[in-house]
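Report on the structure given below.
The values are calculated or read from the model by the stated rules, or taken from the named source; none is laboratory data. Remember, it's a predicted structure, so these values are computed and weren't measured experimentally. In this analysis, Cβ positions are derived from the backbone assuming ideal geometry, glycine residues included, and neighbour counts consider all displayed protein chains. Surface accessibility is based on the protein's heavy atoms, side chains included, excluding ligands, DNA and RNA. Shrake-Rupley method; radii C 1.70, N 1.55, O 1.52, S 1.80 Å.
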Amino acid sequence: MPKKTEEQPLGRQALKTRRTRESLINATVSLIQEGGFAAASSSRIAERAGMTWGAAQHHFGSKEDILKAILDLSYDSFVATMAAPGLEKGSLEQRVGGFVDRMWSHYQSHWYRVSLEILLATREEANHAALAWEVRQGKTHLKVVRTIFRESRLSEAKLQEVLTFTHCCLSGLSIEGIFETKVKHIERHLLRIKQAMLGMLKNG
C-alpha cells in the first residue's frame, strides 16, 4: 500500500501570493459588510488591502474574479459545515433538528451574507455568477439531504421542494438579521421550520 503523501509546505513566494489573495478577499468582504456591495469598488478594495489596483490585478485579473473567489469560499464553508459528523445519527426528528441548526449556522455566517449581497447586486449581468453557484450548491444540498434522510422515499422533485422551503425560510431570517439588531423569537421560528420540514419528509 503506497504511503500517504504529506502536503509540502508552501515556498516563500507562494506563501506571499496566498496572503495577498487573502488580503484582497478579506478587504472585499469587510467593505461589503460595512457599506453594501456598492462600497466595494476596485479602488477601495485595493486601498483597504494596502496596494494599488494594478498590483491587485496581478493576483486577480478583475474584481469579478475576487467576487467569484468569495462565492467559492462560501460554498466550501457550507460543505465543511454540513460534513461535520453527527447529522446522520438519531431519530428522524433529531436529524431534522440538527440539519436545520447546521444550515442556520451557515446562513448566519459572513460568507453567506456577503455572497447573498454579491448575487443580488450582479443578478442582471450577462454572466450572472449565481447560475453556476446555485446549480452546484443545489446539487450539494440534495446530496446531503439524501444521505441524512436515507429512509425517505420522496422523489428528487419532492426533496427539492423540501430544500427550497427550508432555504427560503432561513434566507429570510438571515436577511432580517441584516436590518434588525436582533431577530425576535428566532428559536420559535427555527422550531416552526423544523416542524414543517419534518412533516414534509414524512408526508411528502
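Points worth noting:
- Here A27, A69 are screened, and the one residue that is modelled with pLDDT under 95 and either out of contact with any Ser or Thr (no Cβ under 6 Å at 6 or more places or on another chain) or loosely packed, with under 15 Cβ neighbours inside 10 Å (or both) is A69.
- Qualifying residue in region 30-48 (condition: modelled with pLDDT under 95, more than 17 Å from Y112 (Cα to Cα) and not in a helix (DSSP H, G or I)): no
- Test: residue in region 85-108 that is under 15 Å from the mean Cα position of the chain (by Cα), open to solvent by 30 Å² or more (accessible area, probe 1.4 Å) and farther than 30 Å from G199 by Cα: no
- Flag if E151 is open to solvent by 20 Å² or more (accessible area, probe 1.4 Å), of a type in the set (D, E) and either farther than 13 Å from V96 by Cβ or in a helix (DSSP H, G or I) (or both): no
- Any hit, region 60-81, residues being under 27 Å from G199 (Cβ atoms) and assigned to a helix (DSSP H, G or I): yes
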